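Notes follow once the structure below has been shown.
Readers should treat all values here as calculations from the given coordinates under stated rules, not as data from a laboratory. Note that the structure is predicted; figures quoted are calculated from it, not measured.
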Amino acid sequence: MAGRNARVKTIEQSVADTDEPDNKLRKDLGALDLVVFGIAVAVGAGIFTLTARTAGDFAGPSVSLAFVMAAFACGLAALCYAEFASTVPVAGSAYTFSYATFGELVAWIIGWDLVLEFAVGAAAVAKGWSTYLAQFLGLAGVPIGSAEFSLGPVSFDWGALLLVALITTVLALGVKLSSRVSQVITAIKLLVVLLVVVVGLGYVKAANYDPYIPPPTAGGSSAGSSESGWVHQTLLALVGGGDSRFGVLGLLAAASLVFFAFIGFDVVATTAEETRNPGRDVPRGIIGSLVVVTILYVAVSLVLTGMVRYTELASKPGGKQATLATAFQLNGVNWAAVIIALGALAGLTTVVLVLMLGQTRVLFAMSRDRLLPGGLARTSSKGTPARITLIVGAIVAVGATFFPADNLEEMVNIGTLFAFVLVSIGVVVLRRTRPDLPRAFRVPLVPVIPVLAVLACLWLMFNLTALTWLRFVGWMLIGFVVYFGYSRRNSRFAVDTKDTSRPAR
């Protein structure tokens, strides 16, 4: 390592760490595997539930434009991720990139932030999978009512627990098996999505697109919540006045909310160390998955809001929310509900799988740097971090089985956007501090593109609710306590400083 005062880990040391026999990941992935991972994590909860709810509560038909705006911000950040991942082909994604540019403290912050993104996101999506499981079984003639039941004051979701247990087993058996499972299931859900778009086109009415951006309405709700009160308003609405339901502010709030659909390429970057040719394949995987996902989301949102009036998709009293199936049911196409339920099950399965994969690789990188117990970084005979995989599986299972999933999409969004901001800044920093590094992929127009990426991500962050910001700050404060209480004293920098009898790493 280099720079003891700054605790910045060199690129060379990061790459050298990947060759340690006990902490070595197997290189089994190609460009197609990475594209599939990106699509697998992005085409899921958003396309089956988030699109309808966002159209009905915040943006109306302009939800399609909200997806384009979110995709633009993600595209800028994706270019920065592609350069970093091709330059530093090491597990850990934004955590590893931050360690090489800003130092240990910022790396810890971003690693802790990615726990919020991946683990919380996986738990939330697993609960959605459980809901669709009950719906699908009911449509198939096996009515179970719900996959969740109460044990006194405690709620127990056996459907979510079953899914997390199965995915943990697949991940522990190897990344290549995970890729194959993901490819098969992703193919199924893409066929379902394409069928929905083709069938839905026959029910589109041009009048449903008017007005494309509905006028703002009173009510005080904001992105991600149908509740009233200042904490449920976006920061932009609080500072500038106005309502974040419909109108231009509603469109901006919708863009921040549907950003949840575009976190896939972030997970792709975490697998760089397991890619056979990371300099070529990681950029292709990141950018390729983003392009495919954007096309699918815009197509689905246009068909959805053309099939029914956006007011029919608004959340109902008691928290009942519209889904993609709602539009087909309102048009009398009830058979489509079965297909959509199947597609949702397939979609949510791969989302949980890839989110948990990303989480294990981030924690693996942090353990290898001793910011977490170093023994967790040992790999199994399959070349996977089996110990961390089991721990992540247990944490996600507890969260999905016993805790509600309300408002988790926004929590995942703010964590992801924060990571994007640091990575985009890091590209500029590393260009200046290490211009000698070989870069298989280079972001064009530096620093213009990274600066635009930072501004776009900050803009989306300001369009998230005040409550989301308060929860994010609370999570970060807990992270500081863990870092200064354990990680700083036990990291490789701390150990190397104390042990002068061996060369610094």
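With only alpha-carbon pairs counted, each pair once and no self-pairs, how large is the Kirkwood hydrodynamic radius of segment 52-151 in angstroms? In segment 52-151 this quantity evaluates to 17.4 Å.
Per-residue ellipticity at 222 nm from helix content only, as computed over the chain with -39500 (n - 2.57) for each DSSP H run of at least four residues, stands at -20500 deg cm²/dmol.
The count of lysine pairs in the chain with alpha-carbon distances below 12 Å, taking only pairs 8 or more places apart or on different chains, stands at 4.
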